Each structure stands twice: as C-alpha cells, then as structure tokens.
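Visitor: Here's a structure for you.
The values are calculated or read from the model by the stated rules, or taken from the named source; none is laboratory data. Please read all numbers here as calculations on a predicted model, not as lab measurements. Cβ sites come from the backbone with ideal geometry, for glycine too, and all protein chains shown count toward neighbours. When the accessible area is computed, the model is the full protein with side chains, heavy atoms only, and any ligands, DNA or RNA have been set aside. Shrake-Rupley method; radii C 1.70, N 1.55, O 1.52, S 1.80 Å.
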Amino acid sequence: MMLAAPVIAVALTLLVGAVLFTLLGHDGLGAIFEIFVKPLFNPYRWQDLLVKAAPLAIIAIGLAIGFRANVWNIGAEGQYILGGLAGTGVALATLDMTGSWILPLMLAAGILGGMAWATIPAALKTALGVNEILSSLMLNYVAIQILYYLMRGPWKDPMGFNFPQTAMFSSDQTLPMVVPGTLIHLGVPLAAAVALTAFLLMARTVTGFQMKVVGLAPKAAAFGGFGAASTVWIAMLVGGGLAGFAGILEAAGPFGQMVPQFPTGYGYTAIIVAFLGRLNPLGILLAALVLALTYVGGESAQTTIGLPSAATGVFQAMMLFFLLATDILVRYRLVSGRAAPLGAPASKSEAETAAGGKGKAVAA
Amino acid sequence: MFELSRRKLLAAGAAIGFAATSVAPAFAQDGKETVKAAFVYVGPVGDYGWTYAHDQARQCLEKNLGDKVETSYVENVAEGPDAERVIRQLAQDGNDIVFTTSFGFMNPTIKVAKQFPDVKFEHATGYTTGGNENMGLYNSKFYQGRAVLGTIAAKMSKSGKAGYVASFPIPEVVMGINAFQLAAQKVNPDFKTQVVWVNSWYDPAKEADATRALLSQGADVITQHTDSPAPLQAAEEAGAIAFGQAWNMESFAPNAHMTAIVDQWCPYYTGRVQALLDGTWEAENVWLGMKEGEVEMAPFNAKMPEDVKEAAQKIVDETKAGTYEVFTGPIKDQSGEVKVPEGEVVPEGDLLKMDWYVEGVQS
Amino acid sequence: MSLDLLVAILMTVAGAATPLLIAGLGELVVEKSGVLNLGVEGMMLIGAVTGFAVATSTGLPVLGALAAMGAAALAAAIFAVLVLTLMANQVATGLALTIFGTGVSALIGAPFVGITTPTLGPIFPEALTASPLLRLVFGHSPLVYFGLFLTFAVWWFLNRARAGLILRAVGESDTAAHAIGYPVLKVRYLAVLFGGAMAGLAGSYYSLVLTPMWAERLTAGRGWIAIALVVFASWKPGRMLAGAYLFGLVMTMELQAKAAGFNMFAPEVLAALPYVATIAVLAIISAAKRGGANAPACLGKSFRATA
C-alpha cells in the first residue's frame, strides 16, 4: 500500500484528466501524452526535470522531517527567500574577489539565512505556544517585502539601467556544472545527497527516531524523554536550513543573480511534493521529478496542442487530491497497527492526541 | 578554477545547440520556405493588458503571413530559470525565431542564444544582448503616446491635476510619467501630476482604490502604468476621465475612456519574420514608435471636445513626422533645476535609464 | 478635511473591507469547527469567475452572486470529502484547493476576458444618496450591508445558538463532542460548505462590484489576507469586523497619503505591516492565554470517530 497509493493517484489523475479535458473541448489524451509521457523520451527534457526537481526535493525533505514530528512549517517560501538573500549578501560583498572559498561561504550563508528566518516561528511556538502554521505563513509575505526592498534600494545593480535586480554573480560565485555540456549543476547531486543523508539519519539516529515517535505518539515520546521544544527546534531549523540551502542553490545556479521574481512558490509546491513522496526522503526525490514533469510537460503541451497553462495547475491539484484521497489506504493499516500499544484514550489530552496523531505517521 | 570550466561548458552548450537544430536546414542568409516562430509570455493571454497585446500581434502575424508562418506560445512563464528552460525548449523544438516578451527574460534569452547560434532570438524591453549576434532587442516608444495623453489631460482637466497609477519606479515607467507631465505642462504651466505607486503590475482592487484616492485628492484625470482596466472603471464611476493601457479598453469605461495607448507589436513581428523568410534578418536594437506604427492611439472618444481632439491629433501627426519630441529642453527636475538646456533633446540612452522626475511630478 | 473627502474615504474603506470580512467570517466558522482550510483564495477565484459568468449570461448580478456561493461551496465540498471523510492532511489539501481554484477559474473564465457585466451596485434609490452623509449610509452595494449583518449573525450563532455551541465544542475537543453524541463530521461538513459559500460570495464582490470584470487571478491574493485576518481577530466575529475595516482603512489611508503627496515609509514597510501586526497579535494573545489563546484546540487535525 505504501507504494500503491501514489501510483493509484497518478493513474487516476491521468484517467480523470483525460476525460475532463476532453469534455472541456481539449484533446484529453493528447494532453496526457504531451505532459506525462513525451518529455520522458527526450534527453534534453530529462536535464530540465532534474534542474527543476532539485530545489523542490531539497525543500520538501526538510519540511517532511518536521511534518513527521507534527511541526507544520509552511514558511518554506520565506526561508527559501532569506536563504537566497543571505547568500546573495555574501556574493555582493565578494563581487571583486576571487577564490574557491567564496561559493562554499555563500552556500553556508544560505543555510544560515533560512535557519534564521525559521527561528522566529520556532521561538514563538516554544516560548508562547503560537501556532506555527499561521506564524510561518505570515512570515512568507514579510520575506517577499524584504526582497523587494533590497532589490529596489541597497542591492540594485549600479550598472543595470535602474532595473531592480543585483549584478550578475561572478564565475567564482556560480554553481559549476557537474556534467559537462548539460544544464546539470552542482545542486542536482546535492539534492540527491540531501535525500540520502536524510533517509539514513531518519532511519539510523536517535534524533530521527525522536522526530518520528513525537509525531506518532507524543505521550510516549514524552515518556522517552524527548522534549516537545527540542523537537520543534530541530524540525524548524532543519526545514528552514534546507529551504535556505535550496534558495542559495537557485540564486547561485540557474538565476546567477538575485531578482524580485526570485520566489515562484517553491515553498508551497514543496509541501505538495512532501506529501506526494509520503514524507519519505527517497519518495520525495521521485515526487519532485513527477511534479517537475507536470511543469515541463505542461509547457510542451502549450506549444504542441495549445493547452492553456491553467490546465497544468488543474492537473497538479487533481494529482494531489487523488493522492490525499488514497492516503487513507495506507493509514487504515497503520492505525490498526498502533492501536494496541497506545491504548484507549483515557484523559482529555490523550483523546486529543489520538485524534490529532492522525496518520501522517507513515513509518518508512 | 570555475572560469575555465564555464568557458568550456559554453562551447559544449553550443555543440548541443548545433546537434538540436541542424536537423532543419537553417542558414539565415538563404531565406526559408516557412518559419516557425514562438512567443514567451510573462502573464496569461487573458490579462487584457501587456501579454494580451503581444498575443493579438501573434495572431495578426499569422493572418499577415498565412501558411508561411507557424506560431506557438507559452504563457505565464516566471522570469528566471523557468524562462530559460522554456526558451531553450522552444529552440530545441525547431523554432526559427523566439520572441521573449518581458524584461526579466533578458538574461535567460542571452544564455540560450549563446547555445543556439542558428536560432534567432528577439527580446522585448531589454538593454543588452550579451554580445550575441543571433539576438535582437526591440521596444516601443510608449512615451510618445504618453505625451498625447498629457496633452489631452491638461486640456480637459479643470483642477489642473492628474492622478497617475504606477507600478514600479523602473526607467520605462519613470520616462512615461515625465513624458505625460512635460506634454501637459506645455498646455498648462501649472499642471501637476500626482503619482501613486501600487507596487504591483496587476492588482485590480488596489489599482481601483488608488484611483479613488487620487480622485478624492483633487485629481480629475486618471492615467495608469499598470495592467488592469480597474482604474478606468473607477474613473468612470466617479465621472472623471482616463486612458486605456496597452489595448483599447473603451468597453470598460465608455464615458471615461478618452483614448488609449495601443501596443501594436504586429508590424514588428510581421517584419522580422518576413526578414527571416527573405534571408535578410540581422540582429538589431530597435526602439520604434508611432512613425513605424508600433504605438497607436485608440480612436478618440466622441465626447472629447473638438479643440482637444485637434491638439491631440497634432501631437500624433508631428510625432509621426518627426518634428515633435517631448523630451526637448528646457526641462527642469523636481527641484526646479534645469536638467536639460534649451533646445537639447534627451539622448535615448539616458531615457532608457531615467531615474529622475521633471518639475510638476509629485511622487 | 472636507466632508466629501471623508465620505469618499470611508466608502472606499467599506469597499476594501467587505470581501475580506465575508470570506474571513466564513473561514472563522470553519476554523471554529476545528478545520483549517487554506484554500480560501482558490474558492474566491471560483466564486469570482462563476459570479461573473452567470451575471453576464443572465444579466442578473444577484443570480451571479448566488451561483458564486454555490460553485465555491462545491469546491469546498471536494476539500471536505478529502479532509473529513478521507482524513487527508488539511494544510496540503487546502493548498491543492488554491492551485485547483486558480487553474479552474482561468479555464472557465477564458471566454469572459475583456467584456463587462451588470454590477451589484447600490440598491437604494438615488434620492436617498443625494448628500454625502446619506451616501455613506445608503450608497453601498448590498454586500456591504450583508457583511455587517453576517458579523452579527455569526456572533449570535457562535455565542447564543445551540448549534453554534455544538460547533465550538467540536472544534475544541472532537473526541469529547463525539462522546457526548454530537455529529462531529456533519458539523464540520456544514462549516466547510458555509466557509466555501462565503469565500465564493466574497470573490463575486470583486468581479461584480469592486472591479467589475474578469481577468485571471482577479483577487490577487486577498484570500490569504482573509486567513491572516481570522488569526488577527483571534477567532472573534466582532474583532473580525474591526480587523477587516482596520485593514481597509490602513490600505486606503496609505493610498490617500500617497495621493496627497506624502511618502513617509518605504512601500515595502507598509506592505509587510499587516503580516507583522498579525504575528504580533498572535504572540500577544498566545502569551496572555498560554496554549493558543482563542484558537480552536483541534485546528488542523483530523478526526476519526473510532479513536
């Protein structure tokens, strides 16, 4: 069932999508073929898929670790922006310098920038009990305004005809390509490395166990000595750090500069990717590729069969709807498995826990 | 250390380009039987503004050249890596020419143009091609239309104050504000233009509210450099006058809509594709205006007084004839200091990076 | 400040506040039942396009507003089935609903770009709006009055009606409510559908009153502001009214100040202000009443009857 649910979801999306778009007067089967099949047989599109999927995967992995522990960071968009900005700050300060130390410094700054932005909802949550869904969401809008301010004012390229954007980064500040002659930059293998590391950490370390057990059974976790506060901090800092990492990888990679159009909703899309990948780092890699496929294929479908771009959004939404709908297949099996050790809820707080625990569970 | 590898990569990228496009016989100077042209849009074709105008021109191009041209487009393309991917995909798919229609597509277009020397690229509103010989730049002198609007505004305004709903203070917008005010000042030396920045290209509700604020602060003419017809509707509601943006928006405000600056990209697109068919295409950096038919005024509203129509038409005719240039000195800046001496014309290069306002602009 | 100017400002404030108020009150009821629906923006867009399409096709804007409610409630039903019956994650489902609404509204709306519609304008006879003060009272779209009425109705429902008390109980502790015998899922279904209908109505306010036209993404992110306002209002209808009008006032005064030639702040500071204020309010109320203040205890969590 673990694997079946996403497969069923994608299959249902294809089926219903084909029927729906035929009814709407488009070429339904053609749309499916153009979006989901054709790009897979084109080596150029594979490069596009990898480049597009890398940041989504990195962000989603960070979020998934938090989601497993019931920490709902939906502020990845802002953390992504702040990560990009922190790295850009380093880049602008070192614009006239050379050296192979610059790029690693930028990447480190990116991680720290994302972490710093995630510190706010984490501190509010642990100190005051502020709901992190709401606080992290609000901070996304603040982050965008910080970006606008820096682009319009202090960081504007003095040689850029007064357009609000920074200077282009130097070659020492740009991600190298790992496969010569392609678009595959350093961020792509890094995404895979992040996924593998996260997978091993979650499976093999005490902290990984803590994140899972807190999500599955908070009461048991407390007995085990895992503090709720430390869980929130770990989840937010990992989520923020990885989102910031993705931000600077995008800025130093495909963008090669910072622009006001830097945020394109990756922080939100990554939430979808995290669920599509069943909160499992390796599943997320695959899910990021599937989502990248809907973008890349959707663009092809626009030129080849004139399918409007809005249709891509509808496809993505349907796929997520179906995935969330088939989630229950997994959860029922899981819930019955954990009913015994948890016991019947006795107190009010335990009852809530049981109700709230829900099956985000997903023991890998 | 990356310097070297990057250079190598560019060469390798170019090799991919050859591999991808050498399928189609593509030697520009020989001309072509048919041309495949693609367009990259920043917004939806249904925005009824900037992107809508480009797509109307695409359809017009198809009408003009019939089966000698085959067009396609990709809409809602985010500026940045997404744009680069789309442009590259279009080049790989065998398009002969790709038009990228937003400022933020400039750097992505430069990158892709380097890798596909046999494909032609045309970027709207940018300032550099990064040295690519297969990439052209084009833009329209919308400010010429702004001068017409300024003339009408000053002639018809009773309060002597116009409200300007503006998006972001980039040179294109600053230049438009100045052209509007300079033309209005020629009619009424005391004329003022009040700018409200809404910090968005498209936010109908905010554009409408900004219009209402300007009207309640004494402006009785509204003009805009944002994309939605909302300011026009708000002006119509209040009985003020206003102007359309990018396209004839008369249907939204039959009484308020005096005229509109119509982005007429069709002649340019037709000309460039025709040049490709003839084998005469060359990379150019052009900034075309009313004379070339790139900037048009929508028909004047029947309610406009005759003398206003005449004054407006005079600006149009003289601009077309090349005898009128709104950025002719003396021009004072906001502090009253003479920026451009008598008789001198602001060079195009300075207009394209303009970041100061003329006297009478309140921003 | 002249009376005319003052009235003009207040009219604009009411116009800017009303859709936020209506959508926010809908979301408030949803959240009070323990469900977090982040799909408000998507439902508003579906409402906006449906309202416009029906109004232009039939010539009856009232019918448009009703259809907007129906269509957005239908979209909310998808959400309800997923998160209530199938216990899907609410955050993810809400985001998916916004993506869905953005896409679907653009597809439906394609033929309606560039045309005009009959509007849902002032309802009282012109004689009643002759003077500025009368205009302030009688010169609004019916939806402005509806927003005020809805505030009272929601307050009354949550605090005085038995059904409202049940809804709050369900939001505070679904398992306890279930144990007493309240139909938890039924209550939440109805709340989500109501929230959808209100979001749809708010969306139609844009396409039929404020900016009577259809263009893609017409609501330009207002759904997210409505969600922020629910938090800002700490889940109280009266504060929701105050918050929506305060937001409208700040936005309007910002534009008024700019139109009068004052530019005191960097525009980015003002744009970020509502969100910073919301976080501050959230922190203050949480500090005052540890554990989420007035926030429904079950917000965002699924309920399984057998647990």
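Visitor: Mind counting the residues in region B:283-311 that are touching a residue at least 24 places away in the same chain (Cβ under 8 Å) and either loosely packed, with under 15 Cβ neighbours inside 10 Å or closer than 30 Å to B:TYR127 by Cβ (or both)?
Guide: Residues of region B:283-311 that are touching a residue at least 24 places away in the same chain (Cβ under 8 Å), as a first pass: B:283-301, B:303-305, B:307-308, B:311.
Adding the requirement that they be either loosely packed, with under 15 Cβ neighbours inside 10 Å or closer than 30 Å to B:TYR127 by Cβ (or both) leaves B:283-299, B:303, B:305, B:307.
Of the residues in that region, 20 qualify.
Visitor: Could you figure out which of (1) away from chain C (no Cβ under 11 Å); (2) modelled with pLDDT of 85 or more isn't true of A:PHE322?
Guide: Here A:PHE322 meets the rest and fails (1).
Visitor: Now for a different question. Every residue in region C:230-270 that is modelled with pLDDT of 90 or more, within 18 Å of C:ALA199 (Cα to Cα) and part of a helix (DSSP H, G or I), please.
Guide: Within region C:230-270, C:VAL230, C:PRO237, C:MET240, C:LEU241, C:GLY243, C:ALA244, C:TYR245, C:GLY248 qualify.
Visitor: What about A:VAL142, is it under 29 Å from C:LEU282 (Cβ atoms), surrounded by 17 or more Cβ atoms within 10 Å (Cβ to Cβ) and at the interface with another protein chain (Cβ under 10 Å from one of its Cβ atoms)? Break it down into steps so the answer makes sense when it comes.
Guide: Numbers: under 29 Å from C:LEU282 (Cβ atoms): yes; surrounded by 17 or more Cβ atoms within 10 Å (Cβ to Cβ): yes; at the interface with another protein chain (Cβ under 10 Å from one of its Cβ atoms): yes.
Yes.
Visitor: Let me ask something additional. So which pairs qualify, if the first residue must be in region B:326-343 and more than 24 Å from B:LYS314 (Cβ to Cβ), the second must be open to solvent by 80 Å² or more (accessible area, probe 1.4 Å) and of a type in the set (D, E, K, R), the Cβ gap must be under 6 Å, and the two must be at least 6 apart or on different chains?
Guide: B:ASP333/B:LYS339; B:VAL338/B:LYS332
Visitor: Could you say which residue among B:GLU284, B:GLU306, B:GLU237, B:GLU294 is in contact with a Phe, Trp or Tyr (Cβ under 7 Å, 6 or more places away or on another chain) and among the acidic types (Asp, Glu)? Write out each step before concluding.
Guide: Working: B:GLU284 fails: in contact with a Phe, Trp or Tyr (Cβ under 7 Å, 6 or more places away or on another chain); B:GLU306 fails: in contact with a Phe, Trp or Tyr (Cβ under 7 Å, 6 or more places away or on another chain); B:GLU237 fails: in contact with a Phe, Trp or Tyr (Cβ under 7 Å, 6 or more places away or on another chain).
Just a single option satisfies the conditions, and that option is B:GLU294.
Visitor: So, A:ILE284, is that one among the β-branched types (Val, Ile, Thr) and either at the interface with another protein chain (Cβ under 9 Å from one of its Cβ atoms) or over 25 Å from A:LEU323 (Cα atoms) (or both) or not? Before you say what the answer is, go through the steps one by one.
Guide: Values: among the β-branched types (Val, Ile, Thr): yes; either at the interface with another protein chain (Cβ under 9 Å from one of its Cβ atoms) or over 25 Å from A:LEU323 (Cα atoms) (or both): no.
Spelling it out, it is not the case that A:ILE284 is among the β-branched types (Val, Ile, Thr) and either at the interface with another protein chain (Cβ under 9 Å from one of its Cβ atoms) or over 25 Å from A:LEU323 (Cα atoms) (or both).
Visitor: With region C:100-176 as the region, which helices (runs of 4 or more DSSP H) entirely inside it contain at least 3 residues that are open to solvent by less than 20 Å² (accessible area, probe 1.4 Å)?
Guide: Values: elements: C:132-138, C:142-159, C:162-172.
So the answer is C:142-159, C:162-172.
Visitor: Applying the selection to region A:173-190, what residues are closer than 17 Å to A:LEU289 by Cα and without any contact (Cβ under 8 Å) to a residue 12 or more places away in the chain?
Guide: Within region A:173-190, just A:PRO189 meets the criteria.
Visitor: For region C:226-240: of the residues being open to solvent by 20 Å² or more (accessible area, probe 1.4 Å) and within 15 Å of C:THR278 (Cα to Cα), which is nearest to the other protein chains (Cβ to nearest Cβ)?
Guide: Of the residues in region C:226-240, the ones open to solvent by 20 Å² or more (accessible area, probe 1.4 Å) are C:232, C:236, C:238-239.
Cutting the leftovers down to within 15 Å of C:THR278 (Cα to Cα) gives us C:232, C:236, C:239.
Values: C:PHE232: 9, C:LYS236: 15, C:ARG239: 15 Å.
Checked region C:226-240; the qualifying residue nearest to the other protein chains (Cβ to nearest Cβ) is C:PHE232.
Visitor: Right, another one. Going through region B:169-201 one residue at a time, which ones are within 30 Å of C:VAL7 (Cβ to Cβ), open to solvent by 10 Å² or more (accessible area, probe 1.4 Å) and more than 7 Å from every other protein chain (Cβ to nearest Cβ)?
Guide: B:ASN188, B:ASP190, B:LYS192, B:SER200
Visitor: May I pose another question? Give region A:44-73 a look and list any residue that's in a helix (DSSP H, G or I) and more than 14 Å from chain B (Cβ to nearest Cβ), or say none.
Guide: Let us first name the residues in region A:44-73 that are in a helix (DSSP H, G or I), namely A:44-68.
Passing the criteria: A:ALA57, A:ILE58, A:ILE59, A:ALA60, A:ILE61, A:GLY62, A:LEU63, A:ALA64, A:ILE65, A:GLY66, A:PHE67, A:ARG68.
Visitor: Only helices (runs of 4 or more DSSP H) wholly contained in region B:220-338 count here; list those with 3 or more residues that are hydrophobic (A, V, I, L, M, F, W, C) and more than 30 Å from C:TYR206 (Cα to Cα). Show your work before the answer.
Guide: On the way: elements: B:230-238, B:266-278, B:306-321.
Counting at least 3 such residues, we get B:266-278, B:306-321.
Visitor: Hey, can you tell me all the residues within region B:148-168 that are among the aliphatic types (A, V, I, L, M) and either surrounded by fewer than 23 Cβ atoms within 10 Å (Cβ to Cβ) or touching a residue at least 40 places away in the same chain (Cβ under 8 Å) (or both)?
Guide: Step one: of region B:148-168, the residues among the aliphatic types (A, V, I, L, M) are B:148-149, B:152-154, B:156, B:162, B:165-166.
Once the filter is applied, which keeps residues that are among the aliphatic types (A, V, I, L, M) and either surrounded by fewer than 23 Cβ atoms within 10 Å (Cβ to Cβ) or touching a residue at least 40 places away in the same chain (Cβ under 8 Å) (or both), region B:148-168 yields B:VAL148, B:LEU149, B:ILE152, B:ALA153, B:MET156, B:ALA162, B:VAL165, B:ALA166.
Visitor: So B:SER228 fits all but one of (1) over 21 Å from B:ASP55 (Cα atoms); (2) within 19 Å of the chain's Cα centre (by Cα); (3) facing chain C (nearest Cβ under 8 Å); what number is the exception?
Guide: Only one criterion is unmet by B:SER228, namely (1).
Visitor: Need pairs with beta-carbon distance below 9 Å; first residue in contact (Cβ under 8 Å) with a residue 40 or more places away in the chain and open to solvent by 40 Å² or more (accessible area, probe 1.4 Å) and within region A:107-123, second in a helix (DSSP H, G or I) and polar (S, T, N, Q); sequence gap 6+ or separate chains.
Guide: Cβ pairs passing all conditions: A:MET115/A:GLN79; A:ALA116/A:GLN79.
Visitor: Is there a residue in region A:254-265 that is in a helix (DSSP H, G or I), among the hydroxyl-bearing types (Ser, Thr, Tyr) and out of contact with any Ser or Thr (no Cβ under 8 Å at 6 or more places or on another chain)? Lay out the reasoning, then the answer.
Guide: So in region A:254-265, the residues in a helix (DSSP H, G or I) come out as A:254-255.
After this cut, where a residue has to be among the hydroxyl-bearing types (Ser, Thr, Tyr) as well, the list is none.
Taking every residue of region A:254-265 in turn, none turns out to be in a helix (DSSP H, G or I), among the hydroxyl-bearing types (Ser, Thr, Tyr) and out of contact with any Ser or Thr (no Cβ under 8 Å at 6 or more places or on another chain).
Visitor: Next up: List, please: which pairs have Cβ atoms under 6 Å, are six or more places apart or on different chains, and start with a residue in region C:196-225 that is more than 21 Å from C:ALA73 (Cβ to Cβ) and within 12 Å of chain B (Cβ to nearest Cβ) and end with one that is outside any helix (DSSP H, G or I) and of a type in the set (Ser, Thr, Tyr)?
Guide: From residues that are more than 21 Å from C:ALA73 (Cβ to Cβ) and within 12 Å of chain B (Cβ to nearest Cβ), the pairs are C:PRO212/C:THR117; C:PRO212/C:THR119; C:ALA215/B:TYR48.
Visitor: Within region A:30-41, identify whether any single residue is acidic (Asp, Glu), surrounded by fewer than 23 Cβ atoms within 10 Å (Cβ to Cβ), in contact (Cβ under 8 Å) with a residue 40 or more places away in the chain and within 13 Å of chain B (Cβ to nearest Cβ), and answer yes or no.
Guide: If we filter region A:30-41 for residues that are acidic (Asp, Glu), which is where we start, we get A:34.
Still in the list and also surrounded by fewer than 23 Cβ atoms within 10 Å (Cβ to Cβ): A:34.
With the extra rule that they be in contact (Cβ under 8 Å) with a residue 40 or more places away in the chain, the set shrinks to A:34.
Within this subset, residues satisfying the condition of being within 13 Å of chain B (Cβ to nearest Cβ) are A:34.
Within region A:30-41, one or more residues are acidic (Asp, Glu), surrounded by fewer than 23 Cβ atoms within 10 Å (Cβ to Cβ), in contact (Cβ under 8 Å) with a residue 40 or more places away in the chain and within 13 Å of chain B (Cβ to nearest Cβ).
Visitor: Just the residues that are closer than 21 Å to B:LYS192 by Cβ and buried (at least 18 other Cβ atoms within 10 Å of the Cβ), please, taken from region B:312-332.
Guide: Those that are closer than 21 Å to B:LYS192 by Cβ and buried (at least 18 other Cβ atoms within 10 Å of the Cβ): B:ALA312, B:ILE315, B:VAL326, B:PHE327, B:ILE331.
Visitor: From the set of residues in region A:157-180 that are open to solvent by 40 Å² or more (accessible area, probe 1.4 Å), under 19 Å from A:MET106 (Cα atoms) and in a loop (DSSP other than H, G, I, E, B), which is nearest to the other protein chains (Cβ to nearest Cβ)?
Guide: So, considering only residues that are open to solvent by 40 Å² or more (accessible area, probe 1.4 Å), under 19 Å from A:MET106 (Cα atoms) and in a loop (DSSP other than H, G, I, E, B), the one nearest to the other protein chains (Cβ to nearest Cβ) is A:MET168.
Visitor: Moving to a separate point now. May I ask you to verify whether A:LEU196 is at the interface with another protein chain (Cβ under 8 Å from one of its Cβ atoms), assigned to a helix (DSSP H, G or I), over 20 Å from A:ALA252 (Cα atoms) and not polar (S, T, N, Q)? Let's see the steps before the verdict.
Guide: Numbers: at the interface with another protein chain (Cβ under 8 Å from one of its Cβ atoms): no; assigned to a helix (DSSP H, G or I): yes; over 20 Å from A:ALA252 (Cα atoms): yes; not polar (S, T, N, Q): yes.
No; evaluated as a whole, the condition is false for this residue.
Visitor: Just need a number here: residues in region A:224-238 that are at pLDDT 95 or above and either over 10 Å from A:VAL71 (Cα atoms) or part of a loop (DSSP other than H, G, I, E, B) (or both).
Guide: Number of matching residues: 2.
Visitor: For region A:24-39, what are the residues that are over 14 Å from C:LEU107 (Cα atoms) and not in a helix (DSSP H, G or I)?
Guide: Answer for region A:24-39, where residues must be over 14 Å from C:LEU107 (Cα atoms) and not in a helix (DSSP H, G or I): just A:ASP27.
Visitor: Something else: Considering only region C:84-94, how many residues are at the interface with chain A (Cβ under 8 Å from one of its Cβ atoms) and crowded, with 24+ Cβ neighbours inside 10 Å? Show your work before the answer.
Guide: First, the residues of region C:84-94 that are at the interface with chain A (Cβ under 8 Å from one of its Cβ atoms): C:86-89, C:91-93.
With crowded, with 24+ Cβ neighbours inside 10 Å added as a condition, the list becomes C:88-89, C:92-93.
The total comes to 4.
Visitor: Out of the residues in region B:344-358 that are open to solvent by 70 Å² or more (accessible area, probe 1.4 Å) and touching a residue at least 40 places away in the same chain (Cβ under 8 Å), state the one that is nearest to B:GLN194 (Cα to Cα).
Guide: Per the stated criteria, the residue is B:ASP355.
Visitor: Then there is this: Do you know which residues across region A:290-314 are open to solvent by less than 10 Å² (accessible area, probe 1.4 Å), more than 8 Å from every other protein chain (Cβ to nearest Cβ) and of a type outside the set (Ser, Thr, Tyr)? Write out each step before concluding.
Guide: Pass one, region A:290-314, residues open to solvent by less than 10 Å² (accessible area, probe 1.4 Å): A:291-292, A:294, A:296-298, A:301, A:307, A:311, A:314.
From the residues that got through so far, the ones that are more than 8 Å from every other protein chain (Cβ to nearest Cβ) too are A:291-292, A:294, A:297-298, A:301, A:307.
A:LEU291, A:ALA292, A:GLY297, A:GLY298, A:ALA301, A:LEU307 - these are the residues of region A:290-314 that are open to solvent by less than 10 Å² (accessible area, probe 1.4 Å), more than 8 Å from every other protein chain (Cβ to nearest Cβ) and of a type outside the set (Ser, Thr, Tyr).
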